[in-house]
Structures are given as structure tokens and as C-alpha cells.
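Colleague: Sharing a structure here in C-alpha cells format.
The values are calculated or read from the model by the stated rules, or taken from the named source; none is laboratory data. Everything numeric in this text was worked out from a predicted model, so none of it was measured. Positions of Cβ are backbone-derived with ideal geometry, glycine not excepted, and every protein chain shown enters the neighbour counts. Side chains included, ligands, DNA and RNA excluded: accessible areas come from the protein's heavy atoms. Shrake-Rupley method; radii C 1.70, N 1.55, O 1.52, S 1.80 Å.
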Amino acid sequence: MAETAMTAASASRSLAPLERPLQRALRRVVKRKGAMIGLGLIIAFILLAIGAPLLAPYDPIATSWTMVRKPR
Amino acid sequence: MTHWFGTDDLGRDVLSRVIFGARASLAAGAISVGIALSVGVPIGMLSGYRGGFVDALISRITDAMLACPFLILAIALAAFLGPSLGNAMIAIGISATPIFVRLTRGEVMNVRSEDYIDAARSVGDSNLRIALVHILPNIMPALLVQATLSVAAAIIAEASLSFLGLGQQPPFPSWGSMLNAAQRFLTSASWMAIWPGLAIFLVVLSFNLLGDGLRDALDPQNDK
């Protein structure tokens, strides 16, 4: 039992330096909740920007004199 | 006829303008930081790698540019270039360049004294090859973190320039110019300011969160 734990530990220690820097960075950044929330919001805004013509309900530059400063 | 975010002083749909405004803001963030990276990193690498007179000259110019506050420099450049979104991006990019020059220079000087650079030189690698193959990948983490945080600053700068009328020109939407239009109606039509303001807040917060996370994750001294 203790032996297997020790071999597992030494195996992970000897394997760790083999991990590529990019993989290590990805693994470490994915663990961070704040960074992932930020990344999710950024991706959402990028999709919003790309899909703007499809998502926007109205023409953004069309004016309407009957709708001046109306909430909803 | 439902306008979820209301309409503005000319009867335009605020939701549609916030959605289209995301294009101006994100493009300004990405392109201006792209300009700063593509100008600043090569100059910084030259400065840090060469040393001597070239380094002294570049460093003094960088110091001079850093002496001006980022936003003031961007406003001055945008006013000089003329009001348009493209010129605002160029102005913000140039204003952000000295930060990248200095960061790159410092990182290159750190890496330059490593044993593997001596090893590369001893097997006959050219200076260009050492810079691109051995130094550049090793300074990437620092550049990536700075670039992410700079995108947030660039988006605020774009909103500020558009607020002042130096960025996106009417009638095309930008979060900054929407805030400018909304300030006259803050008491009577506050939704005009709330939604573009919230959009700027969320995007800038997101980039800062990602930048902070990347900095912690890429820090070799940090074990977690």
C-alpha cells in the first residue's frame, strides 16, 4: 500500500519535467476560476461582435422619431 | 415593437447599438495591442540583445514616451491624426508600445545570460536564430500577460477617445460615444448610459481577470 503510493509519487515526480511548458501553462490556467469566467465572457463578447448582424434586433443606426428616449 | 434596452435620443435601439458597439471596442482592443506588440517587441529585443549605444538610445526614447500618461498621449495622437476609429487604434497602439519595449528588453536581458544561449552560440547559431528560436519562446509568458492586460486598457482608451469624439464617428455605434450621448439624459433616460457602461465594465473586468489568472498560472515561482 505504502509502496504503491511511493512509486506513484516518484513516477509523477519523474514525469513532471517531461510535461511541455504550454501544457503546464494550460493545466494551471484552467484551474483558476476567475480566469475561466473572464475567458468565457470574452468569448461571449467576441461571438456577439461577430454575429452582430444576426443578433441585433434592429438596425443600430436607423432612427425613429416616434421612439425617442422610450424605455422598452 | 420591443426594445429590451430602450431607445436613445434619436429613437435608435440601444440593444442593437450595444451589440454593434462590441465590434468597435473589441477590434480596437485587439488591433491596437497588435500594433504595440509588433512594434514594441522587435525594438525591445534589439535593445536588450544588442546593448551598448543602441540600448541606451532606445531606452531613453522609451523613458521619454513613458513620461507621458498613457491616455493623454493617446488623446494627443488621436487629435493629431484626426478623428476616426482607425486613427484611434493607431494612437492607442503607439501609446502602448513603450510598455512592451521596456518589458521585452528586461526579459531578453534576463534570458540572454542563460547557459542555453551560450550553448546555442557555441554551436554557431546566428543572432537572428538565437533571438527567434531561443529567446522569443522564453519571454512569451510575460508578453502574453502584458498583452492581455493591455487589451483591457486599450478598450478603456478607445471608449475614452470615442467619448471625446476622437474615435468611432456617428452614426456608427461605439460604447464610448453612446455614453457621451447619454450624459445629457442621465436623469430622464438613465438606461442609455447603463447598458454601454455595463458592457465596458464587463469586458474590461474579463480581460483583467484573465490577465491576472495567466500571470499567476505562468509564474514559474508560483507552485499552485
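Colleague: Accessible area of A:V30, 1.4 Å probe, to the nearest 10 Å²?
Modeller: 90
Colleague: Scan chain B and note any complete DSSP helix (H) whose C-alpha atoms cover at least 24 Å along its axis and whose Kyte-Doolittle average is -0.5 or more. Mind dumping the intermediate values first?
Modeller: Numbers: long enough: B:14-50 (53 Å, 1.27); B:85-112 (39 Å, 0.76); B:136-163 (39 Å, 1.48); B:191-218 (40 Å, 1.30).
Span-like helices here: B:14-50, B:85-112, B:136-163, B:191-218.
Colleague: Which residue, chosen from B:M140, B:I19, B:A96, occupies the Cα position most advanced towards the positive end of the dipole of the protein assembly as shown, where the dipole is computed from +1 (Lys, Arg) and -1 (Asp, Glu) charges on Cβ about the Cα centre?
Modeller: Projecting each Cα onto the dipole axis, the largest value belongs to B:I19.
Colleague: What does the charge add up to near B:D63, with Lys and Arg as +1, Asp and Glu as -1, over the other residues with Cβ less than 14 Å from its Cβ?
Modeller: So the surrounding residues net to +2.
Colleague: Summing +1 for each Lys or Arg and -1 for each Asp or Glu, what net charge is found among the other residues whose Cβ lies under 11 Å from the Cβ of B:R50? List each step's numbers first, then the result.
Modeller: Numbers: positive: B:R105, B:R112; negative: B:D55.
Here the count lands on +1.
Colleague: Among B:128-137, B:29-38, how do they line up from the highest to the lowest mean number of other beta-carbon atoms within 10 Å? Each step should come with its number before you reach the end.
Modeller: Values: B:128-137: 15.3, B:29-38: 20.4.
The most tightly packed comes first, giving B:29-38, B:128-137.
Colleague: Can you pull the mean other chain C-beta count within 10 Å for peptide B:84-96?
Modeller: Working: counts 0, 0, 0, 0, 0, 0, 0, 0, 0, 0, 0, 0, 0.
The per-residue average across the peptide is 0.
Colleague: With n ≥ 4 as the cut-off for DSSP H runs, can you work out [θ] at 222 nm for chain B, using -39500 (n - 2.57) per run divided by the number of residues, rounded to the nearest 500?
Modeller: On the way: 8 runs with 165 residues, N = 224.
The per-residue figure over chain B is -25500 deg cm²/dmol.
Colleague: Can I ask one more? Please give the average number of partner chain Cβ atoms lying within 10 Å of the Cβ of each residue in B:3-10, rounded to a whole number. It would help to have the intermediate numbers written out before the result.
Modeller: Details: counts 7, 2, 3, 5, 10, 5, 3, 8.
Mean inter-chain Cβ contacts per residue within 10 Å come to 5.
Colleague: Going highest first, how would you order B:99-107, B:146-154 by mean Cβ packing within 10 Å? Intermediate values should be presented prior to the final figure.
Modeller: Numbers: B:99-107: 22.3, B:146-154: 24.0.
By packing density, highest mean first, the sequence is B:146-154, B:99-107.
Colleague: Further question: Once you put a point 7 Å from the Cα of B:D63 and another 7 Å from the Cα of B:R50, both along the Cβ direction, what distance in nm separates them?
Modeller: 1.8
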